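Participant: Pasting in a structure now, in structure tokens, and then I'll have a few things to ask.
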Amino acid sequence: MKKKEGKSDADSDDEPDYFQYKIVVLGDGTVGKSSLILRFVEDYFGKSYKQTIGVDFFVKRLQISPKVQVALQVWDIGGQSIFGKMINTYIKDSHAVILTYDITNYNSFADLQDWLRLVQKAFEGKKMPVMALVGNKTDLFHLQAVDLKSHKGFADTNKLYSFFASARTGDQVNMVFFKLAAILSGVEFKKEVVQVSVSTISFA
Ligand SMILES: Nc1nc2c(ncn2[C@@H]2O[C@H](COP(=O)(O)OP(=O)(O)OP(=O)(O)O)[C@@H](O)[C@H]2O)c(=O)[nH]1
Ligand SMILES: [Mg+2]
């Protein structure tokens, strides 16, 4: 099996292609970054809040087409890291960035400007990563504090792929990660994605 980084030339021969990508999940504390990642990686959701200190690190392998495997290295950045010295190091070298807010918390949406600025700073003079905007907690739709127009406006202005998800119900969570994996590897997105294996490493 060939191991690659970057864009696919998947059809050049019969060997399967294997890609690795770093995806960084950013956004204010309590918006549900860890919850989205845990839903994706372990199909688990916990109601109690455990603040992420620094960064947690996850790897999940996906078979996204018969010939293409993708290992997603997901960096779960604690919301408080926006004030820390390490944030630039966390963001740089990422292939994709997920900007996350809580649809019931307007400030968490407004603060994405600051998170986006950090990404722009980390990539100054370089090609920007693929970026997604995720409005999380859609199960609390009745408490929605950010209108659809603002969400769409922010996504369009900054060229972000747009999603709404719920880590609690699992709605659209896999879609976010599978879609990014497909975009990054240049594979046409198909729903029947096969999960190969999961490994989880954590450090603070
Ligand atoms: N109702 C609902 N609650 C959610 C959802 N996602 C997360 N939560 C809850 O929101 C709280 C915060 O979730 P976390 O995933 O820990 O938030 P975080 O963004 O990782 O926060 P930091 O680690 O501080 O940056 C927890 O109590 C979760 O159970 C969701 O989709 N719906
Ligand atoms: Mg967290």
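Just so you know, all these numbers are worked out from the coordinates, no wet-lab data involved. Predicted model only: the values in this text are computed from it and were never measured. For neighbour counting, all protein chains shown are included, and Cβ atoms are generated from backbone atoms with ideal geometry for every residue, glycine included.
Participant: Pop out the ³J(HN,Hα) list for segment 81-98 in order, Karplus 6.51 cos²θ - 1.76 cosθ + 1.60 with θ = phi - 60°, rounded to Hz; leave Gly and Pro as x.
Facilitator: Along segment 81-98, the couplings run 5, 4, 8, x, 7, 8, 4, 4, 5, 5, 7, 5, 6, 7, 8, 9, 10, 10 Hz.
Participant: Using helices alone, I'd like the mean residue ellipticity at 222 nm for the chain: each DSSP H run of four-plus residues gives -39500 (n - 2.57), total over residue count, nearest 500.
Facilitator: It lands at -7500 deg cm²/dmol.
Participant: Same structure, new question: For a footprinting-style exposure proxy, rank M86, M131 by other Cβ within 10 Å, fewest first.
Facilitator: Starting with the residue having the fewest Cβ neighbours, the order is M86, M131.
Participant: Sticking with this one: What ³J(HN,Hα) values, in whole Hz, does the Karplus curve 6.51 cos²θ - 1.76 cosθ + 1.60 give for segment 152-164 when θ = phi - 60°, with x put for Gly and Pro?
Facilitator: Result, ordered by residue: 5, x, 5, 5, 5, 4, 9, 6, 10, 5, 9, 9, 10 Hz.
Participant: Roughly speaking, what is the centre-to-centre gap between segment 142-191 and segment 25-61 when only Cα atoms are used, to the nearest Å?
Facilitator: Segment 142-191 and segment 25-61 have Cα centres spaced 16 Å from each other.
Participant: Would you kindly give the portion of the calculated P(r) for the chain that falls above 21 Å, as a percent of all Cα pairs?
Facilitator: The share of Cα pairs beyond 21 Å in the chain comes to 50 percent.
Participant: Could you size up the charge dipole of segment 38-89 around its Cα centre, putting +1 on the beta carbon of Lys and Arg and -1 on that of Asp and Glu, and report it in debye to the nearest 20?
Facilitator: Charge dipole, segment 38-89, about its Cα centre: 80 debye, nearest 20.
Participant: Right, something else. In the chain, which longest range has no trypsin sites (Lys or Arg not before Pro) that are both DSSP loop (not H, G, I, E or B) and surrounded by at most 16 other Cβ atoms within 10 Å?
Facilitator: Value returned for the longest uninterrupted segment is 8-46.
Participant: I would also like to ask the following. From the residues S65, V97, I53, which one has its Cα farthest along the dipole of segment 2-203 in the positive direction, the dipole being from +1 and -1 charges on Cβ of Lys/Arg and Asp/Glu about the Cα centre?
Facilitator: Value: I53.
Participant: Starting with the fewest neighbours, write out D147, D102 ranked by other beta-carbon atoms found within 10 Å of each beta-carbon.
Facilitator: Ordered from fewest to most neighbouring Cβ atoms within 10 Å, D147, D102 come out as D147, D102.
Participant: Right, next: What is the set of long-range amide H partners of V74 at a cut-off below 5 Å, with H atoms built 1.01 Å from backbone N?
Facilitator: I23, F58, V59, K60
Participant: Something else: Could you tell me the relative contact order of segment 2-203? Use alpha-carbon pairs under 8 Å, at least six residues apart, and round to a whole percent.
Facilitator: Reported relative contact order: 28 percent.
Participant: Another question about this same structure. Quick one: Karplus J couplings for segment 37-51, per residue in order, coefficients 6.51, -1.76, 1.60, θ = phi - 60°, nearest Hz, x for Gly and Pro?
Facilitator: 5, 5, 4, 5, 7, 10, 6, 10, 9, x, 6, 7, 8, 10, 4
Participant: Here is a further query. If you take every DSSP beta bridge whose two residues both sit in the chain, what share of them, in percent to the nearest 5, is antiparallel?
Facilitator: Percentage antiparallel, nearest 5: 40.
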